[in-house]
Amino acid sequence: MTSIYVHGSEPDEQRRLSLLNDLLNDECLRPMALRGTERVVDFGSGLGQFARAMARRGCRVVGIEREERQRRRAIELAAASGESALVDFRAGDGERPPLAPEEFGSFDLAHARFLLEHLRDPGAVVATMLRSVRFGGHVVLFDDDHDALRLWPHPPAVLTWWHAYWRYYEKLGNDPLVGRKLVALLHNAGATPVRSGVVNFGGCAGEATFQHLVDNFVGVMETATPDLLANALLDEPTLHAGRTQLAAWRRRPDAALWYPLPYAIGRRDA
């Protein structure tokens with residue numbers, strides 16, 4: 001699976017990802033409408049929090065993660081929560097998942113979230129996901145469309161910083177706009193698209209979670225900033241202006257952030 005992961009897996013990044021899971025997991029579970037009897041394979045399971053959330057609904061879950069530091073942390077978090085038996089965490093990548101031959105075509109559902117944006121060939125992974133589910137089973141994709149972010153009141157240098165961040169994806173050969181292409185990826189892999197929509201990742205200054213949402217947004221950009229500067233996608237004056245505007249914006253009583261996270265669900269038909 002040829003890709004370069006933008007965010008890394010340092011402790012600060014793991015904390016950001018853990019918070020992101022806390023903010024998003026319940027909203028992402030709703031459109032999946034799990035019955036609690038499904039056998040699930042989670043591609044790019046990361047810290048394993050969403051895999052465990054599915055397992056707590058009664059699903060039997062295999063989590064696949066290629067980054068060893070993330071996988072070890074997922075196992076530690078599961079143990080700390082007394083949930084070591086909930087998920088079978090395996091090392092491997094999406095194109096060559098660590099599944100036995102008899103496991104292909106046996107899962108009720110294959111899931112990936114925030115994975116395809118980091119791949120140079122997301123279609124190959126979606127095709128593998130489709131092969132992993134039984135006829136009548138489903139593939140569920142959640143992924144980013146970075147151009148969908150809206151902040152108001154408009155802080156221009158912050159959005160210039162944001163655009164530099166997601167343009168860095170393109171420089172690496174990855175796709176920051178893959179979220180708008182999820183239905184096409186399912187169709188091209190041979191699935192029948194059956195549902196699409198968005199999960200809201202946003203809010204306004206009056207909400208209890210707002211500063212946590214902003215912290216995640218800032219953490220995403222700050223992690224990548226050294227690479228943005230090194231690749232001449234951002235300059236120091238713009239970065240300084242962005243940080244200044246962001247500090248002022250997040251204190252405004254009328255600050256609002258909209259970020260719709262696209263999802264698509266496809267079925268494997270005979």
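Bear in mind these aren't lab numbers, they're just calculated from the coordinates by the rules spelled out. Bear in mind the structure is a predicted one, so any value in this text is a computation, not a measurement. Using ideal geometry, Cβ is built from the backbone for each residue, glycine included, and neighbour counts are taken over all protein chains shown.
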Review point. Using Cα atoms only, what is the angle between the long axis of helix 68-80 and the major principal axis of the chain, expressed in degrees (0 to 90) to the nearest 10?
Key: 80
Point to revise | Surrounding net charge for residue 192, when Lys and Arg each add one and Asp and Glu each subtract one, Cβ distance under 13 Å | key: +2
Review point. For the residue pair residue 33 and residue 91, what label-to-label distance in nm results when each label sits 7 Å from Cα along the Cα-to-beta-carbon direction?
Key: 4.0
Practice item. Rounded to the nearest 0.05, what FRET efficiency do residue 180 and residue 79 give with R0 = 45 Å and r taken as the Cβ-Cβ distance? Could you check? Key: 0.75
Review point. Radius of gyration and Dmax for the chain's Cα atoms, expressed in Å?
Key: 18.6, 57
Check your understanding: Percent antiparallel among DSSP beta bridges with both residues in the chain, to the nearest 5?
Key -> 50
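Would you list 28, 204, 59 from fewest to most Cβ contacts within 10 Å?
Working: 28 20, 204 15, 59 23.
Starting with the residue having the fewest Cβ neighbours, the order is 204, 28, 59.
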Point to revise | Label-point separation in nm, residue 209 to residue 104, each point 7 Å along Cα→Cβ | key: 3.8
Exercise for review: Two decimals is fine: what is log10 I(q)/I(0) at q = 0.22, 0.23 Å⁻¹ for the range 19-133, from a Debye sum with one equal scatterer on every Cα and no solvent?
Suggested key: -1.37, -1.48
Review point. Most exposed first by the Cβ proxy, i.e. fewest other Cβ within 10 Å, how do 39, 66 rank?
Key: 39, 66
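Tell me, in nm to one decimal, what length is gained between residue 248 and residue 135 on full extension, where the rule is 0.36 nm per residue of separation less the Cα-Cα distance?
The span from residue 248 to residue 135 would gain 35.4 nm if fully extended.
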**Study point:** Linear extension gain, residue 72 paired with residue 19, 0.36 nm per residue minus alpha-carbon span
**Key:** 17.3 nm
Check your understanding: How large is the helix-only mean residue ellipticity at 222 nm for the chain, computed as the sum of -39500 (n - 2.57) over DSSP H runs with n ≥ 4, divided by its residue count, in deg cm²/dmol to the nearest 500?
Key -> -13500 deg cm²/dmol
**Study point:** Which of 254, 145 has the fewest Cβ neighbours within 10 Å, and the rest in rising order
**Key:** 254, 145
